[in-house]
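Asker: Sharing a structure here in structure tokens format.
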């Protein structure tokens, strides 16, 4: 068991963003969704080549966060489509990495692999 714990610890990365220590997993997802801030989203967006998040991107980020914090899970694609009125293709194009690895990551949701 100690081997698994030490392996996991190596996979986590602690970064300082806007003066706050934030812990990420090996794929760059926040380990603690409650540590999310807009500044973290902006920093992660810059790292993916998005210099400024659009209003549509912020709406998606806040929708994902609200759904997760209310329901304890990320929304399914059908939930996203129903609530936003956008096609899945349009949603995927909003973020580099699509919904799962782009929008969810910027919104501070857990890694979809771990859900």
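Asker: Counting helices only, and only those DSSP H runs with n ≥ 4, report the 222 nm mean residue ellipticity of the chain as the sum of -39,500 (n - 2.57) divided by its residues, in deg cm²/dmol to the nearest 500.
Answerer: -13500 deg cm²/dmol
Asker: I want to verify a result. In a Gaussian network model of the chain, Cα cutoff 10 Å, which of these has the top mean-square fluctuation: 104, 73, 82?
Answerer: Result: 82 has the largest fluctuation of those listed.
Asker: Here's something else I'd like to know. What is the distance, in nm, between label points placed 7 Å from the Cα along the Cα-to-Cβ direction at residue 62 and at residue 11?
Answerer: It is 3.4 nm.
Asker: Sorting check: for 85-96, 60-71, which peptide has the highest mean count of neighbouring beta carbons within 10 Å, and how do the rest follow?
Answerer: Per-residue mean Cβ counts within 10 Å order the peptides as 60-71, 85-96.
Asker: Give me the one-decimal nm value for the distance between modelled label points at residue 51 and residue 113, 7 Å along each residue's Cα-to-Cβ direction.
Answerer: Label-label distance for residue 51 and residue 113, simple model: 3.2 nm.
Asker: Sorting 22, 50 on the 10 Å Cβ count, fewest up front, what's the list?
Answerer: Placing the least packed residue first, the sequence is 50, 22.
Asker: What three numbers, in Å, describe the spread of the alpha carbons of the stretch 21-61 along their principal axes, ordered from the longest?
Answerer: So the extents along the principal axes, rounded to whole Å, are 26, 20, 16.
Asker: Using a simple spin-label model with points 7 Å from Cα along the Cα→Cβ vector, what separation in nm is obtained for residue 31 and residue 90?
Answerer: If labels sit at residue 31 and residue 90, their model points lie 3.9 nm apart.
Asker: Right, something else. Have a look at 99, 17, 40 and tell me which one the Gaussian network model of the chain (Cα, springs below 10 Å) gives the largest fluctuation.
Answerer: Greatest mean-square fluctuation among the candidates belongs to 17.
Asker: Now for a different question. PRE reach from residue 71 (point 7 Å along Cα→Cβ): which of the stretch 27-65 fall under 15 Å by backbone N?
Answerer: Within reach of a label on residue 71: 60-65.
Bear in mind these aren't lab numbers, they're just calculated from the coordinates by the rules spelled out. Worth saying up front: this structure is predicted, and the values here are computed from it rather than measured. Cβ sites come from the backbone with ideal geometry, for glycine too, and all protein chains shown count toward neighbours.
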